C-alpha cells in the first residue's frame, strides 16, 4: 500500500484517481450557502433567500429559523437526534481558498498552497484511493460527497492544524496529532486516536475504539462500536451512542444503535 504525504508538496501520483479532471475544478460548495444535515446524513439546501436573508429553516419553512454561526461563509448545520442544531461546519471562503488540480501541478502542492481543498470523486463499488494519507500541511480540506462512495482504503494521519475531513469512509485508523481538527459525516472502520487539542468529531460512525488524550475534544452525534478511553480534559459526548455491528457489514443501522455514550 502506498503512502501519501501532504507536507510542503504532495509527492505521489497515486492521488490523481480521487480528484476531478484537470481544468480548474470548482469548490464543492456554494459560497455563502447553508445546508441542514440530518442524523441520517440527508441534506437540505437552505440557502437564505433575498427576501429573508436571516432565515435558515430547519423544516423546509421559517418556523424554526436559526442564525448560521459561520456568517457569510458556506456552512453545514448538523442536527442532533432531537432535530436541534447540535454543531456546525464552516467552509472556507472561495475567494481565498483554492482547489488545486493535482494532475495539472504534477502532484505537487507547494508550500504557498498548503490551504488545499482535495475533492474525492464518487466511485461506487471501488475505493477513491488505495493508500494511507498523511496530512502535514495546515488548513487542508479533504472533501467527499458521501462515505458510501468516497473511500480511503487505508489509514489517515492528521499532523496539520485546522484540518477538515468531511464525507469520507476511512477503512483504516484515523489519528489526530495536531489541534483544531474537524471530522464530520465520516465512517471510520478502524480506531480513532485523538492526541491533539480541540478536535471535533461530528455525526460520524467509529467501528473501532476511541482513544482521547487531547483536551477539549467534542464527540457530537457519534455512533461508536468499540471502547472509549479518555485521559484528556473537557471531553464532550453530546448526543453520542454506543453501537454494535451485529452483521459485520461495516455499516450501522438504527437497530444496531444502543444507549447513550457517557463521557467520564
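In region 188-264, the DSSP beta bridges split such that about 10 percent are antiparallel, to the nearest 5.
How do 143, 91 rank when sorted from fewest to most other Cβ atoms within 10 Å of their own Cβ? Before the final figure, lay out each step's value.
Details: 143 19, 91 24.
Lowest to highest Cβ neighbour count: 143, 91.
For residue 215, put the label point 7 Å out on the Cα→Cβ axis and report which residues of region 224-241 keep their amide N under 15 Å from it. So the set is 231-236. If R0 is taken as 30 Å, the Cβ-Cβ distance between residue 126 and residue 247 corresponds to a FRET efficiency of 0.85.
The fewest-to-most ranking of 189, 177 by surrounding Cβ atoms within 10 Å reads 177, 189.
Would you kindly state how much longer the chain becomes between residue 30 and residue 229 on full extension, computed as 0.36 nm times their sequence separation minus their alpha carbon distance, in nm to one decimal?
Details: separation 199, 0.36 × 199 = 71.64 nm, distance 3.83 nm.
Separation in residues times 0.36 nm, less the Cα-Cα distance, equals 67.8 nm.
Here each label is just a point 7 Å from Cα along the line to Cβ, and for residue 236 and residue 255 those points are 3.5 nm apart.
Sort 237, 263 by Cβ crowding within 10 Å, fewest neighbours at the top. With the fewest neighbours first, 237, 263 line up as 263, 237.
Only the coordinates and a few stated rules stand behind these numbers; no lab work does. Everything quoted here is computed from the prediction, not taken from an experiment. No Cβ is skipped: glycine too gets one built from the backbone with ideal geometry, and neighbour counts run over all protein chains shown.
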